[in-house]
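What follows draws every value from the coordinates through simple rules; no lab data is involved. From a predicted model like this one, the values you see are computed outputs, not experimental measurements. Here the Cβ positions follow ideal geometry from the backbone for every residue, glycine too, while neighbour counts run over all protein chains shown.
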Amino acid sequence: MKSTLLPTALLASTLLLLVGCAPTAGTPTGETGGGGESGGTASGCDDVKSEGYDLFSDPAMSQHPDDGFTWGDGTDVAFTYDDYDTDRAPQFGYELGYIQDDRTVSPMGGGFFEKSDESGNFHSSNAVFDSNAFDRFGFMTVTITQDPTSDDEGIDATTTTIGVYCVAFKGE
């Protein structure tokens, strides 16, 4: 009877070498390394499988946070929208979504920004933000709602997306 120990050992060694050379998967939370710290880059928002989360900024958005900015720890987030027109009764809002382990985005609600002045500056900070999304990356979709009209059926307005930004969710 021939020994199968040597061929089995060679096969096992080859498999270990192949596995050791295989690319590793990214962390499920989208962290970019550096001791598990998130934020600072948009790389945590790469390879998302959900539609509608392509990063962009309307050309009229002359000031906005860098992709990978922190949300949820009370940090103020400021924007400037150069096409601001008070006659159109604008209201700026946002929708949030975090990236799940399978790289799909889970929507999680939103809110409104505060007007900083009458020239298109608006901001928000959220120190009362509690979420399972902490230490994950996600998206903030910024919108403007304007040109309200009313009739017997209610009030209507036009809402336009003016930016989609990568965000790192953190708590206080």
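Under a 5 Å amide H cut-off, with hydrogens placed 1.01 Å from N, GLY163 pairs with ASP58, VAL142 among residues at least 5 apart or on other chains. Rounded to the nearest whole Hz, the Karplus-based 3J(HN,Hα) values (6.51 cos²θ - 1.76 cosθ + 1.60, θ = phi - 60°) of the stretch 141-146 follow the sequence 9, 9, 10, 10, 10, 7, with x at glycine and proline. Any idea how far apart GLU95 and THR161 come out in nm if each label point goes 7 Å out from Cα toward Cβ? The answer from the label model is 0.7 nm.
Computed from the alpha carbon atoms alone, the convex hull of the stretch 42-169 holds 118 Å³ per residue. Here the label points at SER131 and THR70, each 7 Å from Cα along the C-beta direction, are separated by 1.5 nm in the simple model. FRET efficiency for the pair ALA78 and ASP147, taken as 1/(1 + (r/R0)^6) with r the Cβ-Cβ distance and R0 = 41 Å, rounds to 0.95.
Residues whose amide H lies under 5 Å from that of GLY110, counting only those 5 or more places away or on a different chain, are LEU96; hydrogens are built 1.01 Å from N in the peptide plane.
Taking amide H as placed 1.01 Å from N in the peptide plane, the amide H of THR70 sits under 5 Å from that of ALA168, each at least 5 places away or on another chain.
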